[in-house]
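Down below is the structure, laid out as structure tokens.
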Amino acid sequence: MTSQEYSRRDALAGIGSIGALSVAGCLGGDDGGGSIGTARLSTGATSLIAPVIVAEELDAEYGFELEVVVRDSISAYYGDFVGGTYNTLPFGVESAAARYNEGVDLSVIGGFTYSSMSWVTNDPDIESVEDFEGETIAVPLGSGSFAVADAVVREQTGQSVEELANNVINAPGPGGSPPEVVTGNASIGLSWEPALSNFLVQDNELEAIIDVRGEYRELFDADSFHLLWAVKDELLENDPDAVSGLFQASQDVAEMYANDLEGTIDILTEETENEPEPLLEAFDSGRLEFAMEPLGDLQSDINTQLETFADLGLIEEIPDDELFHEV
């Protein structure tokens, strides 16, 4: 990426870029020392890559050190990246685009996991999005996953989830919505893997009624992506080899899940609070699927997703090509 591109991004800047430069002692300093800092949500697919990289010392194999912290809310998860606490993060497509448009210094280097999320309920009378009208709905507002689900609802009904619902509960993270449904606070919730399988395995009354990924594919003739690796531009400029190593290590983890699922899950459960049974269910059901691929292989689907978000007003504009960086 050229100095002119960084100058353009700096001109957009605002709080995000300024904060990133001013935070002292951040995880993964941008000094070219091969250190990368990242976060994972306590539940959800963000927890499935980085802990395995560290446990299997794939970071050392590819010449960098990965430091991982846990965040319990989506706002803190993204906010600490914007503020400079860490310099790389798994981002939802809409979340990356919106923050880039706001002037946050980030570039997307590749994509992993499809948007395998579902609407869940324990009310047998709720079967489709048309039945959402007037209901109390629990969703993780501000997440890239909710953006995909909301795009599908808008395309099908002409209304957003918030317009259809009588009340919306902001449930932080992928594991926040099912408890709201189980306890009766909400009649419908949005969840994704592995948090979704965790609740489906434990609660026989909770049912996944709508597969958002499948409906998105039918509506837009493209696949939707749950997560993309995004990195700070300063890290790309100062240590491109570490960024390349992160991508290669992530590909290795995806291959581990494909070739030795149970063994990789054993590693993961030793490193995180995840349980093996829901993880196996998530993969075996097809609701969770990794596809750690370079941007060139994903660009068409990602472009469709961005165009959809822009058409529906979920992002103000489609980001320019500087958002993307091939490693």
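The values are calculated or read from the model by the stated rules, or taken from the named source; none is laboratory data. From a predicted model like this one, the values you see are computed outputs, not experimental measurements. Backbone-built Cβ (ideal geometry, glycine too); neighbour counts: all protein chains shown. Keep in mind that these areas ignore ligands, DNA and RNA; they rest on the heavy atoms of the full protein, side chains included. Shrake-Rupley method; radii C 1.70, N 1.55, O 1.52, S 1.80 Å.
Descriptive notes on the structure:
- Filtering 32, 83, 44 for residues that are in contact with a helix residue (DSSP H, G or I) (Cβ under 6 Å, 6 or more places away or on another chain), at pLDDT below 85 and open to solvent by 10 Å² or more (accessible area, probe 1.4 Å) leaves a single hit, 32.
- Scanning region 174-215 for residues that are in a loop (DSSP other than H, G, I, E, B), touching a Phe, Trp or Tyr at 6+ places or on another chain (Cβ under 8 Å) and of a type in the set (Gly, Ala, Ser) yields a single hit, 175.
- Flag for residue 107 being under 17 Å from the mean Cα position of the chain (by Cα), modelled with pLDDT of 95 or more and not β-branched (Val, Ile, Thr): yes
- Residue in region 261-272 that is modelled with pLDDT under 90 and either part of a helix (DSSP H, G or I) or within 20 Å of the chain's Cα centre (by Cα) (or both) present: yes
- Residue match in region 145-166 (condition: farther than 25 Å from residue 312 by Cα, touching a helix residue (DSSP H, G or I) at 6+ places or on another chain (Cβ under 7 Å) and at pLDDT 90 or above): no
- Members of region 292-327 that are among the aliphatic types (A, V, I, L, M), open to solvent by 10 Å² or more (accessible area, probe 1.4 Å) and either part of a helix (DSSP H, G or I) or modelled with pLDDT under 85 (or both): 292, 310, 312, 314
- If you go through region 53-80 and keep only what is open to solvent by less than 30 Å² (accessible area, probe 1.4 Å) and modelled with pLDDT of 95 or more, you end up with 53, 58, 59, 64, 66.
- The condition of being acidic (Asp, Glu) and open to solvent by 60 Å² or more (accessible area, probe 1.4 Å) holds for only one of 252, 241, 223, 233, that being 241.
- In region 76-88, the residues that are on the phi > 0 side of the Ramachandran plot form Cβ pairs under 8 Å with partners that are at pLDDT below 95 and assigned to a helix (DSSP H, G or I), at six or more places apart or across chains, as follows: 84/19; 84/20; 84/21; 84/22.
- Whether a residue is open to solvent by 10 Å² or more (accessible area, probe 1.4 Å), modelled with pLDDT of 90 or more, of a type in the set (Val, Ile, Thr) and over 19 Å from the mean Cα position of the chain (by Cα) was assessed, and residue 182 passes this test.
- Filter result (touching an Asp or Glu at 6+ places or on another chain (Cβ under 9 Å) and among the polar types (S, T, N, Q)) within region 45-77: 47
- In the set (1) within 26 Å of residue 281 (Cβ to Cβ); (2) aromatic (Phe, Trp, Tyr); (3) part of a loop (DSSP other than H, G, I, E, B), residue 77 fails one condition alone, (3).
- Restricting region 259-270 to residues that are loosely packed, with under 14 Cβ neighbours inside 10 Å and free of Cβ contacts under 8 Å to residues at least 60 places away in the same chain leaves a set whose member that is nearest to residue 48 (Cα to Cα) is 266.
- If the condition is being open to solvent by less than 10 Å² (accessible area, probe 1.4 Å), out of contact with any Ser or Thr (no Cβ under 7 Å at 6 or more places or on another chain) and not β-branched (Val, Ile, Thr), then region 117-139 contributes 119, 132.
- The set of residues from region 96-108 being more than 17 Å from residue 301 (Cβ to Cβ) and open to solvent by less than 10 Å² (accessible area, probe 1.4 Å) comprises 100, 103, 104, 106, 107.
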